[in-house]
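S.K.: Quick one: this structure, given as structure tokens, is what I'll be asking you about.
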Amino acid sequence: MINSNNKLGKSGAFASLFLLFALLIFPAVSLAAVDADALLKQARDALTIGQIDQAQSLFNQVPAPGPDGDDGQFVYSRMQLARISYSMKDPGKAREYAEQVVVVYPDNVEAKNFLTSLDRETKPEWQKTLEDCKRFMPNLLKGASMTLLLVFFTMIVSPIGGLFIALGKISRMQPFMAISWFTIWFFRGTPLLLQLFFIYYGLPAIGITLSPLAAALIGLGINYSAYLAEIIRAGIESIDDGQTEAAKALGMTYSQTMRRVIIPQTYKRIIPPIANEFIALIKDTALVSTIAMVELMRAADQMFNAYFNVTVLVMAAVIYLIFTSVFTFIFEKIEYKVGVYERR
Amino acid sequence: METILELKKVVKKFGSLTAVNSIDLKITRGEKVVIVGPSGSGKSTLLRTMNFLETIDSGEIHFEGNPCGYIYKDGNPVLDCQKNLCALRSEIGMVFQQFNLFPHMTVLQNVMEGQVTVLGKSKEEAREVALQMLEKVGLSDRATVYPVTLSGGQKQRVAIARALAMKPKMMLFDEPTSALDPELVGEVFDTIRSLADDGMTMVIVTHNMGFAREVADTVIFMETGDFIAKGTPGEFFSAETQHPRIKEFMDKLL
Ligand SMILES: Nc1ncnc2c1ncn2[C@@H]1O[C@H](COP(=O)(O)OP(=O)(O)OP(=O)(O)O)[C@@H](O)[C@H]1O
Ligand SMILES: [Mg+2]
């Protein structure tokens, strides 16, 4: 009977055949000129007193609207039916009711949303997860590329900065020693989070306003330079004095000695601890999310708050793991390469 | 004979310890000076003042007739600028007890390094000279290996080649065989001997009296920063003329 009502609106001949059939079986219902509003009221009353069957039958009697009919009652009744069926654990029936609405009103948002979430409910778990992944991936990748930018920048800047700070510290020139000492003391001695806050929120007080990206790059750059400086300094000081003597005896200047003889020999010793710092760096970039930078952690956090879906956090973890694994692998290769001369 | 290096009243102190005590020494071109003496007597320190690796506390050092390496403020020596010192050092080769080869460079690169970095030669030119020098010390076949694969004697010969490649006007050797196993001492002495035969000016610190006697023009006995005795090997080693302190020292060595 429901089907016949729907098809009536579509194809005349086909529908009238069904109408005939319907007339034979349910003469009383189909002949009654029902008032939709009255039906809905009765149905609601039935619902409030818990007569579900009665309510369903009444909702069902609300007819499909004619060419100029009012749609409100029809959509309302069918969606009520769909929800009742769903709550009675009959998603198949629920789908049928919602589809009746869509057939008449293809753009009805309520029915379409209902069908979408019904689809989701009935899909297998892995398919749901896959869809989540597809949904979250673009934003996560955008965040991940920002994370990579921060990591690469810091990996390039901090060894250079660290080298200069280290050379300053081992130089015998007071001002350089003082600057190096202060940089290491301050930036290793306070939390990176605090430094980022200071650069982003604090510097505007003295008239320096930075974009979140600039603040993040400066914060990470200086912080990691300070850490690497100590590693590099220890590396330089671990090289036998005889090397400096031999270089000097050949007539090399201080900078030639450093560049050609001392620093190349430190690589093997400083790359493992530096690699360690860089792995920490990959994770430390998450801290810049606190100064309005959208990187991987922030992107994941935003989507987690919007959808309350743990999948997005798992995905972020996987991306971080991929980064740390790839970098670990690369550093191991480099470490092997720079130590070649020590193998017999 | 022309004097190449001259020390005038050179004093070097480490705190209250006087390691080199007002030493006067003239080295003529082609002369082979051997310095012997007990441990801690100041031999290495004296040698290192000769190429300005130690800063003297007073005195003068003349190289090829000119006072070098220091400027004098209120009569006290202060090391000259880096540029002048480097130029001086590149003309005086030095070989260390511990070889001090650059481990991250191959044998060939070790011998090329000073020529390219200090003398500014092209790589091709430096390679050619380096190969000649390796030939001279008998190590042409090891040019492409890293020092870690060499024996002690081979390392020291490479160190000698590295110094020679700078075409120095004189060579300083600080106990060149003391870190070697006894069976490897000979090959290094052979190399030094062939340099001596070529007429190279040399100052050698060694505990090997046989070699001192054989190669030296002048032998110096040093103790607590002073020259106790100085003479030809003949005077130095013959029983009649020998200083009693030297006899005591040599008896202990044997
Ligand atoms: N850099 C230094 N700082 C302080 N004292 C030093 C330094 N270098 C050498 N000395 C001291 O100066 C004295 C002379 O040392 P030097 O190395 O010249 O002796 P040496 O004759 O070469 O001894 P060896 O035969 O053991 O090599 C020693 O008492 C030594 O302890
Ligand atoms: Mg010594």
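S.K.: Calculate log10 I(q)/I(0) of the stretch B:1-137 for q = 0.10, 0.14, 0.16 Å⁻¹, where I(q) comes from the Debye formula with a single equal point scatterer on each Cα and nothing for solvent.
M.R.: The Cα Debye sum returns log10 ratios of -0.42, -0.79, -0.98.
S.K.: Please give the contour-minus-distance gain from A:Thr190 to A:Leu141: 0.36 nm per residue of separation, less the Cα-Cα distance, rounded to one decimal in nm. Spell out each step's value before the answer.
M.R.: Working: separation 49, 0.36 × 49 = 17.64 nm, distance 3.11 nm.
Contour length minus the Cα-Cα distance gives 14.5 nm.
S.K.: On the principal axes of its Cα set, how long, how wide and how thick is the stretch A:121-182? Give whole Å, largest value first.
M.R.: Ordered largest first, the stretch A:121-182 gives principal extents of 74, 14, 12 Å.
S.K.: Name the long-range amide H neighbours of B:Ala19: under 5 Å, sequence gap of 5 or more, or other chain; modelled H, no Pro or chain starts.
M.R.: Placed amide hydrogens put B:Lys12, B:Lys13, B:Phe14 under 5 Å from B:Ala19.
S.K.: One-quarter of the Cα convex hull surface for the protein assembly as shown, in nm²? Could the numbers behind the result be given before it?
M.R.: Values: hull surface 191.3 nm².
For the Cα atoms of the protein assembly as shown, the hull's average projected area reads 47.8 nm².
S.K.: Please report the equivalent ellipsoid semi-axes of the stretch A:127-342, computed as sqrt(5 x eigenvalue) of the Cα gyration tensor, largest first, in whole Å.
M.R.: Semi-axes from the Cα gyration tensor: 39, 23, 11 Å.
S.K.: Where in the stretch B:26-52 is the amide nitrogen less than 19 Å from a point lying 7 Å along the Cα-to-Cβ axis of B:Gln242?
M.R.: Of the residues in the stretch B:26-52, B:34-39 have backbone N under 19 Å from the label point off B:Gln242.
S.K.: To the nearest 0.05, what FRET efficiency results for B:Thr224 and B:Asp24 with a Förster distance of 22 Å applied to their C-beta separation? All intermediate terms of the calculation are to be shown ahead of the outcome.
M.R.: Values: r = 16 Å, r/R0 = 0.75.
Once rounded, the FRET efficiency stands at 0.85.
S.K.: Of the beta bridges DSSP finds with both residues in the protein assembly as shown, what % are antiparallel, to the nearest 5?
M.R.: Details: 24 of 41 bridges.
Rounded to the nearest five, the antiparallel share is 60 percent.
S.K.: Right, next: Quick check: with the 1.4 Å probe, what order do A:Ile334, B:Ile56 take by accessible area, largest first?
M.R.: Details: A:Ile334 70, B:Ile56 5 Å².
Output order, biggest surface exposure first: A:Ile334, B:Ile56.
S.K.: Taking H placed 1.01 Å from N in the peptide plane, check which residues at least 5 places from B:Met222 or on another chain put their amide H under 5 Å from its amide H.
M.R.: B:Val36, B:Gly37, B:Ile228
S.K.: Using 1/(1 + (r/R0)^6) with R0 = 41 angstrom and r between the beta carbons of A:Lys123 and A:Ser211, what's the FRET efficiency to the nearest 0.05? Let's see the in-between values first.
M.R.: On the way: r = 43 Å, r/R0 = 1.05.
Calculated value: 0.45.
S.K.: Please give the charge dipole size of the protein assembly as shown, origin at the Cα centre, charges +1 on K and R Cβ atoms and -1 on D and E Cβ atoms. Round to the nearest 20 debye. Working shown, then result.
M.R.: Numbers: 59 positive and 62 negative charges, 66 e Å.
Approximately 320 debye in magnitude.
S.K.: Dipole size in debye (nearest 20) for chain B around its Cα centre, Lys and Arg Cβ +1, Asp and Glu Cβ -1? Mind dumping the intermediate values first?
M.R.: Details: 28 positive and 33 negative charges, 103 e Å.
Value, rounded to 20: 500 debye.
S.K.: Between A:Phe308 and B:Glu60, what is the label-point separation in nm under the 7 Å Cα-to-beta-carbon projection?
M.R.: With each label point 7 Å from Cα toward Cβ, the separation is 9.3 nm.
S.K.: For chain B, what relative contact order do you get, as a whole percent, if you take Cα pairs closer than 8 Å and at least 6 residues apart? It would help to have the intermediate numbers written out before the result.
M.R.: Values: 458 pairs, mean separation 63.8, N = 254.
Across chain B, relative contact order equals 25 percent.
S.K.: Given points 7 Å out from each Cα along the Cα-Cβ axis, report the A:Leu203 to A:Ser171 separation in nanometres with one decimal.
M.R.: For the pair A:Leu203/A:Ser171, the computed spacing is 2.3 nm.
S.K.: Continuing with this model, one more query. Translational diffusion coefficient of the stretch B:1-49 at 20 °C, 1.002 mPa s, Stokes-Einstein with Kirkwood Rh over Cα pairs, in µm²/s as a whole number. Walk me through the intermediate numbers first.
M.R.: Details: Rh = 11.8 Å.
After rounding, the answer is 181 µm²/s.
S.K.: Further question on the same structure: Output the DSSP H helices from chain B with an along-axis C-alpha extent of no less than 20 Å and a mean Kyte-Doolittle hydropathy no less than -0.5. Don't skip to the end; give the middle numbers.
M.R.: Details: long enough: B:182-197 (23 Å, 0.19).
TM-like helix candidates: B:182-197.
S.K.: Follow-up question, since we're still on this one. How large is the convex hull of the Cα atoms of the stretch B:101-168 per residue, expressed in Å³ as a whole number?
M.R.: On the way: hull volume 4.9 nm³, N = 68.
Spread over its residues, the Cα hull of the stretch B:101-168 gives 72 Å³ apiece.
S.K.: Which percent of Cα-Cα pairs in the stretch B:182-239 sits in each 10 Å bin, short to long?
M.R.: In whole percents, the pair-distance histogram is 20, 51, 27, 2.
S.K.: Here's a follow-up. Beyond 23 Å, how much of the Cα-Cα pair distribution for chain B remains, as a whole percent?
M.R.: On the way: 16759 of 32131 pairs.
When every Cα pair of chain B is considered, 52 percent fall beyond 23 Å.
S.K.: What would the Debye formula give as log10 I(q)/I(0) at q = 0.19, 0.29 Å⁻¹ for the alpha-carbon point model of the stretch B:24-87, no solvent?
M.R.: -0.84, -1.39
S.K.: Now, a different point. Among the DSSP beta bridges whose two residues both lie in chain B, what percent are antiparallel, rounded to the nearest 5?
M.R.: Values: 24 of 41 bridges.
The antiparallel fraction comes to roughly 60 percent.
S.K.: Show me the helices of chain A, taken as full DSSP H stretches, that run 15 Å or more along their long axis by Cα and average -0.5 or above in Kyte-Doolittle hydropathy.
M.R.: Values: long enough: A:12-25 (20 Å, 2.58); A:36-48 (18 Å, -0.08); A:72-87 (22 Å, -0.15); A:91-104 (20 Å, -0.13); A:109-122 (20 Å, -0.59); A:125-170 (61 Å, 0.71); A:174-189 (22 Å, 0.66); A:212-238 (39 Å, 0.98); A:263-284 (29 Å, 0.19); A:296-307 (17 Å, -0.04); A:310-338 (42 Å, 1.63).
Once both thresholds are applied, what remains is A:12-25, A:36-48, A:72-87, A:91-104, A:125-170, A:174-189, A:212-238, A:263-284, A:296-307, A:310-338.
S.K.: Something else about it: At most 15 other Cβ atoms within 10 Å and a DSSP loop assignment: could you name the GluC sites (Glu not before Pro) in the stretch B:1-49 that fit? Numbers along the way, then the final one.
M.R.: Details: sites: B:Glu2, B:Glu6, B:Glu31; in loops: B:Glu2, B:Glu31.
Filter output for the stretch B:1-49: B:Glu2.
S.K.: If you place +1 on the Cβ of every Lys and Arg, -1 on the Cβ of every Asp and Glu, and leave all else neutral, what size is the dipole of chain A about its Cα centre, to the nearest 20 Debye? Mind dumping the intermediate values first?
M.R.: Details: 31 positive and 29 negative charges, 288 e Å.
Approximately 1380 debye in magnitude.
S.K.: Given R₀ = 35 Å, what would the calculated FRET efficiency be for A:Glu335 paired with B:Asp198, taking r from the Cβ atoms and rounding to 0.05?
M.R.: On the way: r = 45 Å, r/R0 = 1.28.
Calculated transfer efficiency: 0.20.
S.K.: Can you tell me, using C-alpha contacts under 8 Å and at least 6 residues apart, the relative contact order of chain A as a whole percent?
M.R.: Numbers: 325 pairs, mean separation 48.7, N = 344.
Dividing the mean separation by the residue count of chain A yields 14 percent.
The values are calculated or read from the model by the stated rules, or taken from the named source; none is laboratory data. This structure is a prediction, so every number in the text was calculated from the model and none was measured. With ideal geometry, Cβ positions are generated from the backbone for all residues, glycine too; neighbour counts draw on all protein chains shown. Heavy atoms of the whole protein, side chains included, go into the accessibility calculation; ligands, DNA and RNA do not. Shrake-Rupley method; radii C 1.70, N 1.55, O 1.52, S 1.80 Å.
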